[in-house]
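Derivation of every value follows stated rules applied to the coordinates shown; laboratory data play no part. Everything quoted here is computed from the prediction, not taken from an experiment. Reconstructed Cβ throughout: ideal geometry from the backbone, glycine too, with neighbour counts over all protein chains shown.
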Amino acid sequence: MKAPLGWFVHARSGDKGGDANLGLWVAHDGVPTDTTAERYDARVAWLLDLVTPDFVRTLLPEAAALEVEVFALPNLGGVNVVLHGLLGQGVAASTRFDPQAKGLGEWARSRYVEIPEDLGGTP
């Protein structure tokens, strides 16, 4: 199904000089049961497989020409993404609408992606 990445993925983002940092992780469904733990594990596996440098460049068109690094954090249920040079020479010199990349996470979460039906469910 086509749905926003944020359907069950949380995000946090910010600046590191001229680079932007984006953390994405799978939300927990509340009190774990065998069913929710299984779905959580499947969602984490999907996210770790999905988020590659090329995926990030497609998801965030402003990163198309940038060096993108993705670090898998399976024990935390997510990934950390570094977008080198997204903010130019840093917040003081950036001409971006979001010079500290604080809104980058919500921008990523709002983008539509293909989510397997069995992972959809409720957010």
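Applying 1/(1 + (r/R0)^6) with R0 = 22 Å to the Cβ-Cβ distance of T35 and E114, what FRET efficiency is obtained, to the nearest 0.05? Efficiency computed from Cβ-Cβ geometry: 0.45. Panel order for T52, T35, by other beta carbons found within 10 Å of each beta carbon, from fewest to most: T35, T52.
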